[in-house]
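Enquirer: Below you will find the structure I want to go over with you.
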Amino acid sequence: MMTIHTNSDGASIEVELSGEVTSSDYNDTLIPAIEAALAEHDTVRLMAVVQPEFKGYDIGAAWSDTKLGLSHWRGFDRIAVVADQGWVQTSVRFAAPIMPCPMQVFELSEIESARRWMRESLGSIHVTDLGGPCVQISLLGKLDPEEYQKAEANLDGLLSAKDGFRLLIDLREFDGWQGLTALAAHFRLARGHVGMLDRAAIVGDKAWQHLAQRVASHILGARTQFFPSEEYQNAKSWLSAG
């Protein structure tokens with residue numbers, strides 16, 4: 001059984017699952033609600049609340065779930081699953097890395113935290129003019145595609161007055177990307193401005209960030225250098241020198 005709750009602007013859907021979910025629950029309840037939301041919005045946010053008496057899907061519902069995901073693959077902005085069942089939590093965590101949108105699991109006792117996660121921004125990108133040719137981009141939290149769209153507009157406005165630029169990438173408070181779509185947006189932002197880049201400094205404290213700097217030096221065709229977090233000021237000095 002499914003029960004649907006839609007927020008006031010129609011862009012966020014909360015679905016409650018109990019008992020056994022059948023294909024008719026999808027065809028008569030969930031799919032019409034999602035398609036109605038997508039008729040008014042580019043993407044929707046979906047929160048599934050799995051009640052303790054939830055018994056699972058019948059075969060038809062499992063197939064309907066697969067078809068729903070494939071037909072609206074790009075239609076979800078984020079998905080939250082609220083459940084206490086271990087098998088549900090494990091399934092969500094297994095699927096999350098390959099989803100094109102942020103996907104998070106919560107326990108039933110955390111339902112208000114899940115609703116807050118559905119509403120709030122998950123991360124932010126700050127673009128700062130450091131003077132001269134130097135620009136800083138600070139990545140904070142876990143980023144979704146919307147933040148990259150805002151950052152690109154800010155960066156374009158800043159670079160319109162520069163012939164070229166030097167970039168400081170601050171990853172000290174960066175927690176990663178929310179889904180594959182956000183990762184793709186990251187590469188689109190980098191690719192769109194690589195021709196103007198003279199040099200880049202990357203500041204962070206994780207091994208993969210150091211590795212990313214080495215890869216970037218080959219891809220970007222510009223001089224790059226990695227600095228640990230405590231050498232943030234040294235990174236700014238290196239960027240502006242010469």
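The values are calculated or read from the model by the stated rules, or taken from the named source; none is laboratory data. Worth saying up front: this structure is predicted, and the values here are computed from it rather than measured. Using ideal geometry, Cβ is built from the backbone for each residue, glycine included, and neighbour counts are taken over all protein chains shown. Heads up: the accessible areas ignore ligands, DNA and RNA and are worked out on the full protein's heavy atoms, side chains in. Shrake-Rupley method; radii C 1.70, N 1.55, O 1.52, S 1.80 Å.
Enquirer: Residue by residue through the range 23-42, note down the ones that are buried (at least 18 other Cβ atoms within 10 Å of the Cβ) and not small (G, A, S).
Expert: D25, Y26, L30, I34
Enquirer: Taking the range 7-29 as the search range and keeping residues that are in contact with a strand residue (DSSP E or B) (Cβ under 6 Å, 6 or more places away or on another chain) and part of a helix (DSSP H, G or I), which one is nearest to R74 (Cα to Cα)?
Expert: Checking each candidate, the answer is T29.
Enquirer: It is to be established whether one or more residues within the range 43-51 are open to solvent by 40 Å² or more (accessible area, probe 1.4 Å), closer than 15 Å to G75 by Cβ and in contact (Cβ under 8 Å) with a residue 24 or more places away in the chain.
Expert: Within the range 43-51, one or more residues are open to solvent by 40 Å² or more (accessible area, probe 1.4 Å), closer than 15 Å to G75 by Cβ and in contact (Cβ under 8 Å) with a residue 24 or more places away in the chain.
Enquirer: Also, quick follow-up: Kindly evaluate K55 against the criterion of being at pLDDT 80 or above, open to solvent by 60 Å² or more (accessible area, probe 1.4 Å) and not β-branched (V, I, T).
Expert: The answer is yes for K55.
Enquirer: Counting only residues that are surrounded by fewer than 20 Cβ atoms within 10 Å (Cβ to Cβ) and among the β-branched types (V, I, T), which one in the range 81-91 is modelled with the lowest pLDDT?
Expert: Initially, the range 81-91 is screened for residues surrounded by fewer than 20 Cβ atoms within 10 Å (Cβ to Cβ), giving 84-91.
From the residues that got through so far, the ones that are among the β-branched types (V, I, T) too are 88, 90.
Values: V88: 89, T90: 92.
Once the filter is applied, the top-ranked residue is V88.
Enquirer: What are the pairs with Cβ atoms under 9 angstrom where one residue, in the range 78-98, is touching a residue at least 40 places away in the same chain (Cβ under 8 Å) and closer than 20 Å to V15 by Cβ and the other, located anywhere, is assigned to a helix (DSSP H, G or I) and open to solvent by less than 30 Å² (accessible area, probe 1.4 Å)? Sequence gap at least six, or different chains.
Expert: From residues that are touching a residue at least 40 places away in the same chain (Cβ under 8 Å) and closer than 20 Å to V15 by Cβ, the pairs are R78/W117; R78/M118.
Enquirer: For the range 119-134, give me each residue that is touching a strand residue (DSSP E or B) at 6+ places or on another chain (Cβ under 7 Å) and within 19 Å of G176 (Cβ to Cβ).
Expert: Listed by number, the residues that qualify are L122, G123, S124, I125, H126.
Enquirer: Now a separate question. Just need a number here: residues in the range 105-132 that are surrounded by 15 or more Cβ atoms within 10 Å (Cβ to Cβ) and in contact (Cβ under 8 Å) with a residue 60 or more places away in the chain.
Expert: Looking only at that region, the number is 5.
Enquirer: Would a scan of the range 208-231 turn up a residue that is among the aromatic types (F, W, Y), at pLDDT 80 or above, open to solvent by less than 30 Å² (accessible area, probe 1.4 Å) and in a strand (DSSP E or B)?
Expert: yes
Enquirer: Could you pull out the residue among P97, P145, P102 that is open to solvent by 80 Å² or more (accessible area, probe 1.4 Å) and within 12 Å of the chain's Cα centre (by Cα)?
Expert: P97
Enquirer: Next question, about the same structure. Among (1) in contact with a strand residue (DSSP E or B) (Cβ under 9 Å, 6 or more places away or on another chain); (2) in a helix (DSSP H, G or I); (3) modelled with pLDDT under 90, where does K67 come up short?
Expert: That leaves (1) as the condition not met.
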